[in-house]
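The values are calculated or read from the model by the stated rules, or taken from the named source; none is laboratory data. Just so you know, these numbers come straight off a predicted model, no measurement behind them. Glycine also receives a Cβ, built like all others from the backbone with ideal geometry; neighbour counts cover every protein chain displayed.
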Amino acid sequence: MTSRPETTIRIDLENGVRLGPGKAQLLALIEEHGSIRAAGASIGMSYRRAWLLGDEINRMFRQPSIFTRHGGKSGGGAGLTEFGQELLSRYRRMNQMVRDATQADLDWLAVHTDPDFHPGEKKD
């Protein structure tokens with residue numbers, strides 16, 4: 001099995017926060033699982049860390065990206081607002097555009113990467 005190089009983007013916003021693969025993954029998992037707790041658990045993240053990251057995402061922009069429902073008869077949960085869905089869609093689109101634009105260079109890197117090199121290991 002040959003591993004291919006990958007790109008991911010991180011956007012540094014003017015207000016000093018960043019939008020990158022971790023926050024995009026959390027948004028996608030909240031959308032998939034309907035829960036901040038379940039989204040975090042699916043990637044080994046504590047509920048507290050997932051909640052704090054989601055709160056940061058909500059405060060980064062003028063509109064929230066994540067909504068929450070309090071428990072009760074129908075149970076609690078979370079999901080993406082319309083803005084959050086658009087944010088995730090645009091992030092994914094930008095990421096794909098970068099991959100498409102750099103594919104030839106990624107292929108070149110794949111051919112020239114030493115598969116036996118592992119960071120931290122010394123060759124004899």
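Laid out as a table, the results:
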read-out: Unique residue being in contact with a Ser or Thr (Cβ under 9 Å, 6 or more places away or on another chain) and part of a helix (DSSP H, G or I) when the list is GLY84, GLY79; value: GLY84
read-out: Some residue of the range 22-31 being surrounded by fewer than 17 Cβ atoms within 10 Å (Cβ to Cβ), charged (D, E, K, R) and more than 16 Å from ARG90 (Cβ to Cβ); value: no
read-out: Flag if VAL17 is exposed (fewer than 11 other Cβ atoms within 10 Å of the Cβ), of a type in the set (Val, Ile, Thr) and at pLDDT below 95; value: no
read-out: For ALA38: the one exception among (1) without any contact (Cβ under 8 Å) to a residue 24 or more places away in the chain; (2) in contact with a Lys or Arg (Cβ under 6 Å, 6 or more places away or on another chain); (3) hydrophobic (A, V, I, L, M, F, W, C); value: (2)
read-out: Only listed residue being part of a loop (DSSP other than H, G, I, E, B), free of Cβ contacts under 8 Å to residues at least 24 places away in the same chain and not basic (Lys, Arg), chosen from GLN103, GLN63; value: GLN63
read-out: Scan of the range 4-48 for residues that are more than 30 Å from ASP107 (Cα to Cα), under 14 Å from the mean Cα position of the chain (by Cα), assigned to a helix (DSSP H, G or I) and not β-branched (Val, Ile, Thr), ordered by number; value: GLU31, GLU32, ALA39, GLY40
read-out: Test: residue in the range 92-99 that is within 14 Å of the chain's Cα centre (by Cα), of a type in the set (D, E, K, R), part of a helix (DSSP H, G or I) and exposed (fewer than 12 other Cβ atoms within 10 Å of the Cβ); value: yes
read-out: Test for LEU88: is it modelled with pLDDT under 95 and either within 23 Å of the chain's Cα centre (by Cα) or within 26 Å of LEU13 (Cα to Cα) (or both); value: no
